[in-house]
Amino acid sequence: MENGNSNNSDNIKEAIESADPYRGQGTTYLHTKTPIKNEERNDASNPTGAVVVPISLATTFKQSTPGEPTAINDPNSFGVGYEYSRTGNPTRGAFERAVAAAEKAKYCIAFSSGSAATSAIIHLLSPGDNVICVDDVYGGTQRYFRKIVNPCMDITFDFVDFHDETAVRSKLDVVGRENDGNEERERYDDHHRSTPSKKRRKNAPTKTKLLWLETPTNPTLKISNIQSIANLAHEYDECLLAVDNTFCSPYFQTPLEHGADIVVHSVTKYIGGHSDVVMGVVCTNNEELYKKLRFVQNGVGAVPSPFDCFFGSSWIKNLACADGGCCPERDGNCIIS
């Protein structure tokens, strides 16, 4: 009997690997847990145990005591409970957890569009900051950066070919020298010139606070090395790397595992996949960034509807089938290398 069970387990494992050869991600998309009500946690958002995420349309949630949100123990509320649907919604929370699992992230914040997600990341910056952006960036992102953020927020942008890491580094250094020109900068320049890149000290001063990378780009599919760009960004003081992973999807690429600080998606494209949802997400492993982005999500209010989040939760379950069919011969490294 024991040998039979062992053989059966091997057969199941072989079948799973055959059906989903890319690290079991298809299973992850299907089985992000929806919390179930029990005696210890009697305020979870799924008391019935439904295997499909319920649509919660309530705008306001009852409080047993004024000022105390409902369901603070529900994982879909992320420990803060529910009081107003702009601040937190059970259906949205379930979708955010599903995308976080897919991107191998600790945190995910959902927005009403990919553009709204991009805007939330820009809200992390301050007037006078600089952003170095891939030159072949999505047209809507470039338009937002050039026509809205730059003239209205006094944030500057440089568009650079990220294939040429020397050009990116040169732009970072130039912006740094323009920033202060003080003795600290000069000491860093001396150290930078005389030290191999792997041993250079971090926290060099620079105005550039964000590198914005798409890989593959939309629409010309230009590829950049995420890990190399991340290493470059992190040599500089408070410089973050954001990767727009829309055109690759988390099925083929998880940029946080390769050094990115932030991942952004237009869910409208591959994660949604059925041309009936406009939505965006931002993922990160950094708790401080997560808190700031969650504050922006609530404060600006560009949140997706529960219906959109329900559709997104449904469509992400099919991501392995859809993307696996597009690239059945993928070897696991063709995108990031």
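Need pairs with beta-carbon distance below 6 Å; first residue free of Cβ contacts under 8 Å to residues at least 60 places away in the same chain and within the stretch 114-141, second in a loop (DSSP other than H, G, I, E, B) and surrounded by fewer than 19 Cβ atoms within 10 Å (Cβ to Cβ); sequence gap 6+ or separate chains.
127/154; 135/161
Please pick out the residue among 268, 246 that is among the hydroxyl-bearing types (Ser, Thr, Tyr), open to solvent by 20 Å² or more (accessible area, probe 1.4 Å) and touching a strand residue (DSSP E or B) at 6+ places or on another chain (Cβ under 9 Å).
Unique residue meeting the criteria: 268.
With the requirement that a residue be open to solvent by 10 Å² or more (accessible area, probe 1.4 Å) and in a loop (DSSP other than H, G, I, E, B), what does the stretch 204-215 give you?
Selection gives 205, 207.
Using the structure shown, decide if residue 161 is at negative phi, touching a residue at least 24 places away in the same chain (Cβ under 8 Å) and not aromatic (Phe, Trp, Tyr). Give the steps one after another, and end with the answer.
On the way: at negative phi: yes; touching a residue at least 24 places away in the same chain (Cβ under 8 Å): yes; not aromatic (Phe, Trp, Tyr): yes.
Yes: the conditions hold for residue 161.
Within the stretch 80-113, can you find the residues that are over 28 Å from residue 245 (Cα atoms), open to solvent by 20 Å² or more (accessible area, probe 1.4 Å) and either of a type in the set (Asp, Glu) or assigned to a loop (DSSP other than H, G, I, E, B) (or both)?
Passing the criteria: 80, 83.
Restricting the search to the stretch 271-292, which residues are surrounded by fewer than 24 Cβ atoms within 10 Å (Cβ to Cβ) and outside any loop (DSSP other than H, G, I, E, B)?
Result: 287, 288, 289, 290, 291, 292.
Which ones in the stretch 222-243 are open to solvent by less than 10 Å² (accessible area, probe 1.4 Å), hydrophobic (A, V, I, L, M, F, W, C), in contact (Cβ under 8 Å) with a residue 60 or more places away in the chain and in a strand (DSSP E or B)?
Of all residues in the stretch 222-243, those open to solvent by less than 10 Å² (accessible area, probe 1.4 Å) come to 224, 226, 229-230, 232-233, 236, 239, 241-243.
So of that shortlist, the ones also hydrophobic (A, V, I, L, M, F, W, C) come out as 226, 229-230, 232-233, 239, 241-243.
Checking the rest, the ones that are also in contact (Cβ under 8 Å) with a residue 60 or more places away in the chain come to 226, 229, 232, 239, 242.
Across the stretch 222-243, the qualifying residue is only 242.
Which residue out of 252, 295, 307 is over 17 Å from residue 107 (Cβ atoms), surrounded by fewer than 21 Cβ atoms within 10 Å (Cβ to Cβ) and either of a type outside the set (Asp, Glu) or touching a Phe, Trp or Tyr at 6+ places or on another chain (Cβ under 8 Å) (or both)?
Result of the check over 252, 295, 307: 307.
Which residues, taken from the stretch 240-266, are hydrophobic (A, V, I, L, M, F, W, C) and modelled with pLDDT under 95?
Correct list: 247, 248, 252.
Being touching a residue at least 12 places away in the same chain (Cβ under 8 Å) and in a helix (DSSP H, G or I) is the filter here; which residues of the stretch 142-158 pass it?
Within the stretch 142-158, 142, 144, 145, 149, 153 meet the criteria.
The values are calculated or read from the model by the stated rules, or taken from the named source; none is laboratory data. All values derive from a computational prediction rather than experimental measurement. Please note: Cβ atoms are built from the backbone with ideal geometry, for glycine as well, and neighbour counts cover all protein chains shown. For the accessible areas, the whole protein counts, side chains as well, though only heavy atoms, and no ligand, DNA or RNA atoms are used. Shrake-Rupley method; radii C 1.70, N 1.55, O 1.52, S 1.80 Å.
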